[in-house]
Amino acid sequence: MTWSVFVLCRRERLLAFLFTFGLLLTTEAQGPGQQAQQPPPQVHKRFEYKYSFKPPYLAQKDGTVPFFEYSGNAIASEESVRITPSLRSQKGAIWSKLASTFDWWEVEINFRVTGRGRIGADGLAFWFTTTKGFEGPVFGSSDRWNGLGIFFDSFDNDNKHNNPYIMSMINDGTKVYDHQHDGSTQQLAGCLRDFRNKPFPVKAKIEYYRNVLTVMFHNGMSNNDKDFEMCFKVDNVVLPKTGYFGISAATGGLADDHDVIKFSTYSLRSPEMALVPDNANEAESKKFELEFEEYQKKLKQQKDDWAKQNPDQAKAKTDDDWDNWFTDQDKELQQIFQGQSAIREVLTELHRKLDDIVSRQERSFQILGALQAGQGAVVPQAGGKAPPPPPNVPVDTIRRDEVNAILANQREIVTASRDIKNFVSDIHTKTGQILGRGVGSAQQIGSGADMEGTIKDVRENLNIVKRDINIAIQRMANQAAPSCPPVPDVSCVSTTFFVVLLAAQMVVLVVVLVFRDSKKDQAKKYY
Ligand SMILES: [Ca+2]
Ligand SMILES: [Ca+2]
């Protein structure tokens, strides 16, 4: 039984492999363009610049961030907003000036939390609340908020060795955040992730769409946008219809730099909602968009002009920046790290492809199972899985006697092959011997055998001749003794004539033999 299963498995595997290989070839032939032909996203996503900030020119000359306001120890530069510097007991925050005007949204935050110590504090918070927070005890912002808070909590207050931690908490304005226990009993959902001191900025994607709150996290170990991981997803979440977006941070006895590099907000619309035009908003949006672009152009122009007028200073500035920030060792490490990241990306891609192959193989097994169950008509649905074979269907397996027959055949084939092998090796050995002895010696052997045969022939011939002579002599003697009847006058061969004839025959024979030998000697010279 085990045998038949084994044989069947092997046959199936081979078929599955061929099938999979075919499928793979088809996919590869279709190229990446085909992969891009995924179903269009159901969610319409629009960048909301009035709720976003990003470099370059994140802050204006006067230090303000367009459409945002910051307070406390926060400082904005062209490249990022430092919510808190790595000094003790700092608090800072940045809030959108306008309340949101869309039901569903997605916010992507790129930030860095960096500190010298193995442990840092306190952490960074993302807010979506009905009113803007003010300076307070919850990661730099006020308590009893109304809306959503997502905390990147660096410090382990409850000593459960579960920080840095990402947690979300919804408040209706009544709850007080339980700092001493890291809000463990108050959290909506969370995940254990390290976001401190990463080579690249860490990223968090917070999506609120149709009352589902999803937080994706990118650990900053690569610069690849594909490396987002699920932190949590919660259904039936009800947040305020409109609210302000904000980021705050705080330090305590221990202190980290909390830098936000990018804050991108997108409004999300369902396909039906996307069809409803909002003319007023569109017109206003376009106006602001144009203004913003013009402003950015003007700023860039000014900067370029300054760089042209003071080329040395501009160059020195960039060089200084680079040299100040990184030592040679750092740069080397960074290069190594980038190389490793590239390797990791390749490995991730390979892993993905392997997963793909495994899933295809599983699908192939299912199809084969269905086919073997006599459901030849089953064709896999495009993109879907083939239906699994119904239970209790007899499966066509190889019987024991068939297996025995196959085995016997195989044994015969093996024996025959062995014989052929022996034969071939025999020929090989002989050929080797012949080659070893050389062609001339082989000729000699042949020639010797020929000579022997010829001498034998000659001897036989001579014997015949001798016998004939004896017979003739006997006849002659017999004829001489009795009185012969009178012989008619017939001309008989005389004895002398006969002997001469015999001698002549011998001479001819010898001449022929000598001639043949001389021909052979001539032929030998050609080798
Ligand atoms: Ca904490
Ligand atoms: Ca903790």
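Just a yes or no: is a residue in region 247-258 under 31 Å from the mean Cα position of the chain (by Cα) and within 18 Å of E106 (Cα to Cα)? No - not one qualifying residue is present in region 247-258. The set of residues from region 284-308 being closer than 19 Å to F53 by Cβ and either at pLDDT 80 or above or assigned by TED's automatic domain parsing to the domain that holds A59 (or both) comprises L290, E291, E293, E294, Y295, Q296, K297, K298, L299, K300, K303. Yes or no: region 79-95 includes at least one residue that is over 26 Å from D194 (Cβ atoms) and more than 16 Å from ligand 2 (Cβ to nearest atom). There is at least one residue in region 79-95 that is over 26 Å from D194 (Cβ atoms) and more than 16 Å from ligand 2 (Cβ to nearest atom). The conditions of being of a type outside the set (D, E) and more than 18 Å from D172 (Cβ to Cβ) are met by W95. Condition check for G147 on (1) at positive phi; (2) within 16 Å of ligand 2 (Cβ to nearest atom); (3) of a type outside the set (A, V, I, L, M): one failure, at (2). Among all positions in region 217-226, there is at least one residue which is more than 14 Å from ligand 1 (Cβ to nearest atom), among the small types (G, A, S) and touching an Asp or Glu at 6+ places or on another chain (Cβ under 8 Å). A count restricted to region 166-189 and to residues that are assigned to a strand (DSSP E or B), more than 10 Å from ligand 1 (Cβ to nearest atom) and either within 39 Å of the chain's Cα centre (by Cα) or of a type in the set (A, V, I, L, M, F, W, C) (or both) stands at 5. Taken over region 108-138, residues that are closer than 22 Å to K205 by Cβ and in contact with an Asp or Glu (Cβ under 8 Å, 6 or more places away or on another chain) amount to 5. Under the condition of being small (G, A, S) and buried (at least 20 other Cβ atoms within 10 Å of the Cβ), the residues counted in region 90-138 number 9. For region 141-165, a residue qualifies if it is within 16 Å of ligand 1 (Cβ to nearest atom) and within 18 Å of V107 (Cβ to Cβ), and the qualifying residues are S141, G149, I150, F151, F152.
Among the residues of region 163-191, those that are loosely packed, with under 14 Cβ neighbours inside 10 Å and within 13 Å of ligand 2 (Cβ to nearest atom) comprise Q180, H181, T185. Here the condition is being within 22 Å of I83 (Cβ to Cβ), of a type in the set (S, T, N, Q) and within 16 Å of ligand 2 (Cβ to nearest atom); of S142, S154, it holds for S154 alone. Among the residues of region 120-165, the ones that are of a type outside the set (F, W, Y) and not in a loop (DSSP other than H, G, I, E, B) come to 15 in all. Could you tell me whether A405 is more than 23 Å from G369 (Cβ to Cβ), surrounded by 10 or more Cβ atoms within 10 Å (Cβ to Cβ) and modelled with pLDDT of 80 or more? For A405, the condition - more than 23 Å from G369 (Cβ to Cβ), surrounded by 10 or more Cβ atoms within 10 Å (Cβ to Cβ) and modelled with pLDDT of 80 or more - is met. With respect to the conditions (1) under 10 Å from the mean Cα position of the chain (by Cα); (2) of a type in the set (S, T, Y); (3) at pLDDT below 80, T348 falls short on a single one, namely (3).
The values are calculated or read from the model by the stated rules, or taken from the named source; none is laboratory data. Keep in mind the model is a prediction, meaning the values are calculated, not measured. Positions of Cβ are generated from backbone atoms using ideal geometry, with glycine treated the same way; all protein chains shown enter the neighbour counts.
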